[in-house]
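Okay, structure first, notes after.
The values are calculated or read from the model by the stated rules, or taken from the named source; none is laboratory data. The structure presented is a predicted model; accordingly, all values stated were derived computationally and were not measured. Counting neighbours? That spans all protein chains shown, and the Cβs are built from the backbone with ideal geometry, glycine included.
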Amino acid sequence: MVSDDHNAERGQDAARAVADVVLAEAGPAGLAEMVVELTLKLAEALERIAAEQGLAAADLAEVWFVE
């Protein structure tokens, strides 16, 4: 969705649009459920990638999500 600088803004706009639709159709509880589901999917992906690289997921997260 935000694989490079050229698509980042478009991807962020799409994510906001999805969040807006979920909020409108399912309310705050539905939006919270979507956030939890996406968080779990991200964690699963991070763990899988870390395992493939022989790293701990926490170590990979630290590198990826450094501010």
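Below are the figures for this structure:
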item	result
The range 29-67, residues that are under 20 Å from Ala15 (Cα atoms), surrounded by fewer than 10 Cβ atoms within 10 Å (Cβ to Cβ) and modelled with pLDDT under 95	Phe65
Hits in the range 30-67 (condition: β-branched (Val, Ile, Thr) and not in a helix (DSSP H, G or I))	Val66
Cβ pairs under 6 Å, 6+ apart, first in the range 1-29 and under 20 Å from Leu42 (Cα atoms) and assigned to a helix (DSSP H, G or I), second at pLDDT 80 or above and hydrophobic (A, V, I, L, M, F, W, C)	Val22/Leu31; Val22/Met34
